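Below: one structure, written as structure tokens.
Derivation of every value follows stated rules applied to the coordinates shown; laboratory data play no part. Since we're looking at a predicted model, the values are computed, not measured. Glycine gets a Cβ as well: all are built from the backbone with ideal geometry, and neighbour counts include every protein chain shown.
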Amino acid sequence: MQLYPLKLVTVVGETVIMREIADEGIKFGATGFTMMDVEGHGSRSTRNVMLVTGEAKTRKLEFVVPGDIAVAILAYVSHNYFDHYACIAWLSDVSVVRGEQYLGHKNG
Amino acid sequence: MQLYPLKLVTVVGETVIMREIADEGIKFGATGFTMMDVEGHGSRSTRNVMLVTGEAKTRKLEFVVPGDIAVAILAYVSHNYFDHYACIAWLSDVSVVRGEQYLGHKNG
Amino acid sequence: MQLYPLKLVTVVGETVIMREIADEGIKFGATGFTMMDVEGHGSRSTRNVMLVTGEAKTRKLEFVVPGDIAVAILAYVSHNYFDHYACIAWLSDVSVVRGEQYLGHKNG
Amino acid sequence: MTPLLPVAVGLLGVFSADQIGRIVESLERNLLTPIPLCFLLGIICTRIHGGIKIPKELYYSIAIFLLMSIGFIGGHELAHEYQEHGVSTIWKPALATLFLGCLTPITAYTVLRYVGGMSIADSAGIAAHYGSTSAVTYAVANSFVEQTQHPANSFLPTLVTLLECPGIAIALVLGAALSAKERAARAAAGGVGRPGPQARQSKLVEALYEVMTGQSIMLMAGLLVIGFVSTMFMDETGFQPFYDFFQSKGMLFRGLLCIFLLEMGLVAGERLGDLVKVGPFLIAFGILMPLVHGFLGAWLGHLAGLNLGGCTVLAAIVSSASYIAAPPAVRLTLPEANPTYSITAALAITFPFNIAFGIPIYFEMAKFVGAE
Amino acid sequence: MTPLLPVAVGLLGVFSADQIGRIVESLERNLLTPIPLCFLLGIICTRIHGGIKIPKELYYSIAIFLLMSIGFIGGHELAHEYQEHGVSTIWKPALATLFLGCLTPITAYTVLRYVGGMSIADSAGIAAHYGSTSAVTYAVANSFVEQTQHPANSFLPTLVTLLECPGIAIALVLGAALSAKERAARAAAGGVGRPGPQARQSKLVEALYEVMTGQSIMLMAGLLVIGFVSTMFMDETGFQPFYDFFQSKGMLFRGLLCIFLLEMGLVAGERLGDLVKVGPFLIAFGILMPLVHGFLGAWLGHLAGLNLGGCTVLAAIVSSASYIAAPPAVRLTLPEANPTYSITAALAITFPFNIAFGIPIYFEMAKFVGAE
Amino acid sequence: MTPLLPVAVGLLGVFSADQIGRIVESLERNLLTPIPLCFLLGIICTRIHGGIKIPKELYYSIAIFLLMSIGFIGGHELAHEYQEHGVSTIWKPALATLFLGCLTPITAYTVLRYVGGMSIADSAGIAAHYGSTSAVTYAVANSFVEQTQHPANSFLPTLVTLLECPGIAIALVLGAALSAKERAARAAAGGVGRPGPQARQSKLVEALYEVMTGQSIMLMAGLLVIGFVSTMFMDETGFQPFYDFFQSKGMLFRGLLCIFLLEMGLVAGERLGDLVKVGPFLIAFGILMPLVHGFLGAWLGHLAGLNLGGCTVLAAIVSSASYIAAPPAVRLTLPEANPTYSITAALAITFPFNIAFGIPIYFEMAKFVGAE
Ligand SMILES: Nc1ncnc2c1ncn2[C@@H]1O[C@H](COP(=O)(O)O)[C@@H](O)[C@H]1O
Ligand SMILES: Nc1ncnc2c1ncn2[C@@H]1O[C@H](COP(=O)(O)O)[C@@H](O)[C@H]1O
Ligand SMILES: Nc1ncnc2c1ncn2[C@@H]1O[C@H](COP(=O)(O)O)[C@@H](O)[C@H]1O
Ligand code: NA
Ligand code: NA
Ligand code: NA
């Protein structure tokens, strides 16, 4: 079992911005992402506006990426969304099976 | 990219108790939480009773908090729910963007 | 607050194989699992075929287990599904409340 | 097996051969219709691990529709009743229903605790389920009496609403009071953060409030008022589409009930495996207790002036056990109670028994006590 | 409180006592029907923390049905109109509607910015909501005029579709242009990765495209074409089941509208708590602005040749505020705007006001300007 | 391009100019109705990145309703047929259908493997799809023949149920057997934990069981029995609301079919982009194979005694490809098969072709072979 040390980037935020962040993550070099509906409560969550559609108000997004791409994604999120949108983002360590696949194209 | 070391508390348990735990987490000083529907299987999962409503039987709850609040939440969950309710709780390390926001009010 | 160091195994993959992996995890000795619907994008996600039913195309599965069981699950997933199915799997460290319950029966 | 058995057999024993014959006949008439057959299909599907999966949102949406429909049509009929008779025909059945709502959790608790020897928490938990009612059993019973050309009195939905709460409340208070000592002892030993008696009590109040303002009551009572008011103030053409949409004899109500019962069958089928776990006492309880409660319902209903259909339906709802409002309330306030017991009894024993056999039996019981 | 007040009071002031009497009467006739009562039930339920929960999939599915229905029946009626009169009766109301779609965001912006003193982003954000329209308000208004035996002109759904886009577009462009400088300054200070003016602009274009090809437009316009084409080419027996399914006087439309309004009430009820946050100016704005816009709608509608029902419905949709298409578009392009303001105004003030009081008032306004 | 072409052109070539004219006419009559137009709307919406999103729960709920409806009305009509003719009219079409169910996966496999040169796994995977059937194609074909006043024989839903399984089974067994050697070799090289031939075989049995007890079969066959039994035992008034709810000419069935086809269009639209990937052979296969299978269906149907509508519908279902039951079964048992091929062919080529052109062509084919 060869495991590869990578980073897991997690972003939770209002639905309206999440697709954009996912696409940007791919541009930064992530090979994929995983997204899911959640219910959230935070300091700014009343900013959340997808009130009356079929979509969840809040979504959670995860990238498995090498450290440099992880930092690039977090910097992008912090600079572009933290001021005006409800969101939170964090990093953790993971050991990934066949992790060399997820090193990314690093064009970010 | 300034990252702040914090703890991620994860609780998975039967729906009927999860809102209460979330509220209690806020009282202990968490600045927010993220909750989602899951499907669970464990040693006591037949205790799960939200059988015939539109709700999921099991939910997952996450708090990003400093270590002391994390321990307080885990102690609360352990003492109050582990004996009679189906649930599991764990802690992990995360590095949070602009993490100083999530230090909490520590009134717990 | 006595916490027990264990491993969190996470598998994300196309729905059609996830129930099987969950069952196999139990056979390897996991005491339970948590599964949820997600939306995924990866290098092979077009393989995903649950197009026209009520199910999500992709699911995420988590086991809290001791290290040896974790490795067994990851090896099983890697050997059986990585070649032909869209999936990703990783490992991380967690500290579990009353973690001795989750040591598993280790019959895998 | 249990003292209940002779009582129930006695109840059935008083029927003549002729009446038994009619029961069998109406059983057949009842069983070979789409609603119970869909339930059966659901059970079969689960048992053979078949692939029918009703999305929970569909299931829940149908529940919402059924509750709204019961309320709205109830309010509509009530308005007509009220315009003709004022409250003169209603107050007696209402009182009888409230009385039954208070009585049944106590009979159930007594039998469970002292005949079955179950724990305080389990007895109170199950009693809360049997003290409340099942709106779907109401809907099926109502369809049954309409098909036999003996429609129930118009205000039965009001009675369903009245029956929902008191039973749960009484059983939970009973359980909380009786097990307070045990808990106090354990809490003293338990240590930090454990909720004391006060936390328990506030949880009880909370749970009761949640039952009273829960989905079932809010929708049924709310739409009852709306149906009443719109009937009083709207002209008929304007009212018609709403009536067509909600009416309980209509295609939407009957058709959606089929889909609902299919899902109920799927869920009940899963629980059938638990029958072994719950043991013979609870199985007997799940069949005989409803017969006793049903007889009381038919009898008091008749004394209170209900017609034949009304007595049948009242018997059905009094005998039925809640599996929507009661479970979470019990789970929150009596965590020591094992939900497998109450849910299996309510859902895998009493509900199918009532749908398949109970309702036609209550119909004959109602005739037997003289209702017409 | 605001200059709007005298204008609006003036508008109402021109009514005679007799007319006021009729408004009150039709208020009563409007309010005591299931649709607004279900809305009320939703509000009450939220305020008392009751348990009604409509699954979002049900809610969303009903929205899809309503939009398809509005479009399909609109296309069907349009085909009849077209076969009889060509486009002669349609082009004037269409122009009037487009004009109103361009005017209302500007009036709204002006009032918000210069009377209310709100920020550029907030003013533009709210104006985008009031420049667009609410399909549910259309549906309720349409039900109202049908119940009063004054059905609206057949092509009103076309007008709803026309009204959806321009208002949002104009308000967003206005907001983007006016706050460009402020943003440029902040962006300069902001550092790495911050989207420059170009990113902003491309986001605006994207948001506008998304509004124009959004769910509401695609479904209404798409089904309008389908309804039109099928009416032209199908024989009546083949067409009938589709007509029955979608028709706006039918049981499905009216019944589902009840469930939809129940959910709207639940959501609006949650927002009622925010009324304190938004302050008296916005509350007044949410009531008086629609009255002004509604009067313009009724008046121009009459000039363009709409009948009494048509003028009423046009007034209702012009006065209504979008809470589906507008919020995400505004959120994406004007992130500084506080969504609490716009959503509370649109959903917790203007929408209930229109449903309960506005529509009957517009009906009288339409009579007042001479429509029949 | 492929040997199929001349065969298919030949099939069409036997039609006279007059018949071609009638095909065009019934194409027009078929295309300009809401059901295919909604499909088209879905495709357009996806291609322009429009915002229509049907919640998967709604889509899935409609699928459940359609399957139940097909079964129930089928059972109802079957009861009438049975009461009049016993099984004399049914057994021949049933045999013909079973035969076609066994034949079509083999013809499809042969063409794919030996004409198209595709891999064993891919050929078997696609053949499993074309050996099975699409219930929605059935529903649309049924609507078509009802609209042309040539309703199909009552027992067609029985045939749909019969057609569902054997094709998938045969193709999967074929694929598993033929690629066993290749797999064995790879498994030997693969190392720890890799499932051996036994694991494969047990997976195959499992997948076949899952297809046979899957949602489609359980609902259609289950409701067929329920419809049959209730027709035999219930009186008409009691049966009426169930009939109204499920009936395939009714507003619910037709209306919901529109919404369903809209979603199918949205999904098929996404797959259109894959047409390039799958290449010209598979595109030709997706159009010509159904024409061949359809002709066989119409012809054998006629020999077995089906009426004009019945032959048309049988042709449509024999020619159609499954995209619900087959994909997961193929994915589990033939993981090397690329799902993009099978799904694109079934959903983005054959399904739209059948809906738009196939069904009217099969109608003419059925006339051509002498059905009436
Ligand atoms: N301390 C926290 N722990 C976990 N999730 C959080 C926390 N704070 C915020 N969130 C999530 O992040 C979203 C946005 O948070 P905020 O920007 O604080 O409103 C919320 O809706 C939550 O889902
Ligand atoms: N070993 C495990 N790994 C992951 N999730 C678990 C595990 N054990 C339990 N769970 C989750 O915790 C819930 C309650 O578990 P239990 O109390 O063991 O019945 C289950 O429904 C699962 O969702
Ligand atoms: N880099 C990644 N980060 C997070 N999730 C991923 C990543 N790559 C793949 N996934 C998830 O794993 C699933 C299968 O990936 P793949 O096998 O690459 O198609 C996708 O649908 C995603 O949900
Ligand atoms: Na009861
Ligand atoms: Na407007
Ligand atoms: Na086929």
Looking only at E:Gly74, E:Gly250, E:Gly222, which one moves most when chain E is put into a Gaussian network model with springs between Cα atoms under 10 Å? E:Gly250
Which whole-number percent is the relative contact order of the range A:3-96 (Cα, under 8 Å, 6+ apart)? 51
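For the range C:3-96, with only Lys/Arg (+1) and Asp/Glu (-1) charged at the beta-carbon, what is the dipole magnitude about the Cα centre, in debye rounded to 20? Intermediate results must be reported in sequence, preceding the final value.
Numbers: 8 positive and 11 negative charges, 22 e Å.
Approximately 100 debye in magnitude.
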If labels are modelled 7 Å from Cα along the Cβ direction, D:Gln149 lies from its partners in the other copies at nm distances, smallest first, of 3.9, 3.9
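Rounded, prolate or oblate: pick one for the range F:99-163, where a ≥ b ≥ c are the square roots of the eigenvalues of its C-alpha gyration tensor, a/c under 1.5 means rounded, and failing that, prolate if a/b is larger than b/c, else oblate. Write out the running numbers ahead of the final one.
Working: a/c = 3.25, a/b = 2.59, b/c = 1.26.
Prolate, since a/c reaches 1.5 and a/b exceeds b/c.
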If the label for A:Ser43 sits 7 angstrom from Cα along the Cα-to-Cβ line, what are its distances to the same label in every other copy, in nm to one decimal, shortest first? 4.0, 4.0
Of D:Lys203/E:Lys53; A:Lys7/C:Lys60; A:Lys57/F:Lys53; D:Lys56/E:Lys56; A:Lys7/A:Lys60; D:Lys53/F:Lys56, which sit over 20 Å apart, Cα to Cα? D:Lys203/E:Lys53
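Just want to confirm a number: the relative contact order over chain D, from Cα pairs under 8 angstrom separated by 6+ residues, in percent. Don't jump to the answer; show the numbers that get you there.
On the way: 565 pairs, mean separation 120.3, N = 372.
The value is 32 percent.
Below 13 angstrom from the Cβ of F:Asn142, what's the summed charge of the other residues (Lys, Arg +1; Asp, Glu -1)? Write out the running numbers ahead of the final one.
Details: positive: F:Lys249, F:Arg254; negative: F:Glu77, F:Glu146.
Around F:Asn142, the charge tally is 0.
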Work out the length of the dipole vector of the range D:265-372 about its Cα centre, built from +1 on the beta-carbon of each Lys and Arg and -1 on the beta-carbon of each Asp and Glu, and round it to the nearest 20 debye. 80
With angles folded into 0 to 90 degrees, how steeply does helix E:4-13 sit against the dominant principal axis of chain E? Use alpha carbons for both and round to 10. 20
Looking at chain D as a GNM with Cα springs under 10 Å, which of D:Gly297, D:Gly131, D:Gly42 has the largest mean-square fluctuation? D:Gly42
Shortest first and in nm, the label-point separations between B:His79 and its counterparts in the other identical copies (7 Å out along Cα→Cβ) come to 4.7, 4.7
So which residue of D has the beta-carbon closest to the axis that swings D onto F, and how many whole Å away? D:Glu57, 2
Of E:Thr333, E:Val145, E:Phe253, which is farthest along the charge dipole of chain E in the positive direction, counting Lys and Arg as +1 and Asp and Glu as -1 at C-beta? E:Thr333
Extent of chain A along each principal axis, from alpha carbon coordinates, in Å, largest to smallest? 46, 26, 21
Find the Cα radius of gyration of the protein assembly as shown, compare it with 2.2 N^0.38 Å by division, and give the number to two decimals. 0.92
Using Cβ counts within 10 Å as a stand-in for footprinting exposure, how do B:Thr15, D:Thr97 rank, fewest first? B:Thr15, D:Thr97
Give me the net charge of E:Ala152's neighbourhood, meaning all other residues with Cβ under 11 Å from the Cβ of E:Ala152; Lys, Arg count +1, Asp, Glu -1. -2
Which one of C:Val12, C:Gly42, C:Ala22 is farthest out on the positive end of the charge dipole of the range C:3-96, using unit charges on Cβ (Lys, Arg +1; Asp, Glu -1) and the Cα centre as origin? C:Gly42
Size of charge dipole - the protein assembly as shown - debye, nearest 20, with Cβ of Lys, Arg +1 and Asp, Glu -1, no other charges: 3200
Using only Cα atoms, tell me the angle between helix F:180-190 and the longest principal axis of chain F; keep it within 0 to 90° and round to the nearest 10. 50
Have a look at B:Val96, D:Met68, D:Leu275 and report the one farthest towards the positive end of the charge dipole of the protein assembly as shown, computed about the Cα centre with Cβ charges (Lys/Arg +1, Asp/Glu -1). B:Val96
Just checking the output field for B:69-75: average partner chain Cβ neighbours within 10 Å of each residue's Cβ? 3
Angle between chain F longest axis and helix F:308-319 axis [Cα atoms, degrees, rounded to 10]: 20
Report, in deg cm²/dmol and to the nearest 500, the calculated mean residue ellipticity at 222 nm for the protein assembly as shown, where each DSSP H run with n ≥ 4 adds -39500 (n - 2.57) and the sum is divided by the residue count. -21000 deg cm²/dmol
